[in-house]
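S.K.: Sharing a structure here in structure tokens format.
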Amino acid sequence: MNGVRPVLEPTLFERSRPGRGDGKVPHPPRDALAGVPAEQRRTAPPALPELSEPEVIRHFVRLSHLNYSVDAGFYPLGSCTMKYNPKLNEWAARLPGFAALHPLAPEALAQGTLQLLWELERLLAEIGGMKAVTLQPAAGAQGELTGILMARAYHEWRGDDARRKVIVPDSSHGTNPATASMAGFETVHVASDGRGDVDLETLRGALGQDVAAVMLTNPSTLGLFEEKICDILEAIHAAGALAYMDGANLNAVLGRFKPGTAGFDVMHFNVHKTFSTPHGGGGPGAGPVGVGETLEPFLPGPRVLRDGDGTFRLERPGERPDSIGRVRAFHGNVGVLVRAYAYIRAHGGPGLMRVSEDAVLAANYVRARIRGAYDIPFDRICKHEFVASAKSLKARTGVRTLDVAKRLIDHGFHPPTIYFPLVVEEALLIEPTETETLETLDAFADALLAIAEEAERDPGTVTSAPHEAPIGRVDEATAARQPNLRWCPAAGAETPCPD
Ligand SMILES: *Cc1c(COP(=O)(O)O)cnc(C)c1O
């Protein structure tokens, strides 16, 4: 089962046959090249594949069927909130007034978009319990950088340049320490306690005059709500540091926990997670950042303002001198922001609370169903996600988490996040989200149970999975280090490809 199976869909170049697409593309008028200097004209026709229209259409439709997506199936990828993206959002984002607006259009012609951005800032501020919001950052990771740069600007503004460190818990997302480094700080890790919470005493020991900020994720990447969140925030502020909240997991606490009200100074939202938008393939996201009063003067500019007569405009250069400046061109990924706005408005306050209730219920349901077959290292009520582990299964059968994930593909499921968070051995991080039915959750739990049972009986079938996918087990190290990303024609093959 080693190596790559026959590829199901050949490239268009391989399907190409001379003359097949002929006659479909209208020929240019006779004098089309009259104005093009001779030395800039092609001497040979472009090396394009030649196919009939149905062949092209079928090629792309077949490719789309090979692609796993939320629209096609359950996507329990922990720490990603892969919820279904309502089609209403797509309708809204495609409205020509939003989609066709030029980013340099004069304010008078962009009032609708400016109003939407202005309103979305306020909706997010209310959801986060924050004073103000910037929509500029292009993703959560850039939101973090924006937030920590504001924290740095704040300490500099106070004339305090001794704060060189940022504290992050050991369960945090890799973007947290990366953010601290990119903003010029030294990262200090603090360990979790036996219950999966930040260890308060260790945190107190690490806090001091040299700490600029502490970055917390609540609920954490273990899917747990920090039980001592109030003590933690008090300790951070007592040391003169700022409290940063990584809001990637907000889906679990909408309307129930407002980070700003709890005392966080700054947070980011992953609107492409919490407020839907197709993501996961590296497509655009948005990472708005909310701040309390302390950091408001440092927000990136230009902000959208509403004048006394009700019209909207952008802040003028120099209008807010302490701003850290722009962090992105124009006003962020506006299409994603329109989707978030549509999602929030369609749900309303009670609807958003219901989202969290259902997401938490789904995660706890799956946790209860697979308990026993898999270890549940922190087996208490979880929020949006929970960590399971194949540690005992591996000790008994040799089947690892990676094998379980590969075998899930044969059951028709996208695997959950694996080997993250790093603090749990053989981790599977499972986040079902609120958009799945009971039947789907049961089918997924049944698949996990069946794989655990199969591991005891026939481990070889699990360790050689997937068996049903077009590509079998690949050598992970070679795939990561020497990826073959470029198609080349077989030796001697006749091809119109320029290569
Ligand atoms: C997804 C995630 C991030 C990074 O967000 P992006 O939008 O992917 O850049 C940061 N922290 C946590 C906890 C996350 O889950």
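S.K.: Checking the condition hydroxyl-bearing (Ser, Thr, Tyr), surrounded by fewer than 21 Cβ atoms within 10 Å (Cβ to Cβ) and at pLDDT 95 or above, which residue from 433, 461, 401 passes?
M.R.: Just one listed residue meets the conditions, 461.
S.K.: Which residue pairs have Cβ atoms under 9 Å apart, sit 6 or more places apart or on different chains, and have a first residue in segment 141-158 that is at positive phi and a second that is away from the ligand (no atom under 12 Å from the Cβ) and at pLDDT below 95?
M.R.: No pair meets every condition.
S.K.: Just give me the residues in segment 153-189 being basic (Lys, Arg) and either closer than 13 Å to residue 215 by Cβ or within 10 Å of the ligand (Cβ to nearest atom) (or both), in sequence order.
M.R.: 165
S.K.: Test residue 164 against the criterion of being out of contact with any strand residue (DSSP E or B) (no Cβ under 9 Å at 6 or more places or on another chain), surrounded by fewer than 18 Cβ atoms within 10 Å (Cβ to Cβ) and among the basic types (Lys, Arg), and give yes or no.
M.R.: So residue 164 fails the test.
S.K.: Scan segment 324-342 for residues that are more than 15 Å from residue 114 (Cα to Cα) and aromatic (Phe, Trp, Tyr) and report the count.
M.R.: The number of residues fulfilling the criteria is 0.
S.K.: For segment 121-131, state whether one or more residues are surrounded by 14 or more Cβ atoms within 10 Å (Cβ to Cβ) and without any contact (Cβ under 8 Å) to a residue 60 or more places away in the chain.
M.R.: Looking for residues that are surrounded by 14 or more Cβ atoms within 10 Å (Cβ to Cβ) and without any contact (Cβ under 8 Å) to a residue 60 or more places away in the chain, one finds at least one in segment 121-131, hence yes.
S.K.: Is it true that some residue in segment 365-385 is under 16 Å from residue 77 (Cβ atoms), in contact with a His (Cβ under 8 Å, 6 or more places away or on another chain) and surrounded by 15 or more Cβ atoms within 10 Å (Cβ to Cβ)?
M.R.: No, segment 365-385 contains no residue that is under 16 Å from residue 77 (Cβ atoms), in contact with a His (Cβ under 8 Å, 6 or more places away or on another chain) and surrounded by 15 or more Cβ atoms within 10 Å (Cβ to Cβ).
S.K.: Filtering segment 269-288 down to residues that are more than 8 Å from the ligand (Cβ to nearest atom) and not in a loop (DSSP other than H, G, I, E, B), which residue is farthest from residue 82 (Cα to Cα)?
M.R.: Filtering first and then ranking leaves 269.
S.K.: May I ask you to verify whether residue 114 is touching a Ser or Thr at 6+ places or on another chain (Cβ under 9 Å), at pLDDT 95 or above, part of a helix (DSSP H, G or I) and more than 16 Å from the ligand (Cβ to nearest atom)?
M.R.: So residue 114 fits the description; yes.
S.K.: Can you find a residue that is in a loop (DSSP other than H, G, I, E, B), touching a Lys or Arg at 6+ places or on another chain (Cβ under 9 Å), surrounded by fewer than 24 Cβ atoms within 10 Å (Cβ to Cβ) and without any contact (Cβ under 8 Å) to a residue 60 or more places away in the chain anywhere in segment 236-251?
M.R.: yes
The values are calculated or read from the model by the stated rules, or taken from the named source; none is laboratory data. Since the structure is predicted, the reported quantities are computational estimates derived from the model, not experimental observations. A quick note on method: Cβ atoms are made from the backbone with ideal geometry, for glycine too, and the neighbour counts reach across all protein chains shown.
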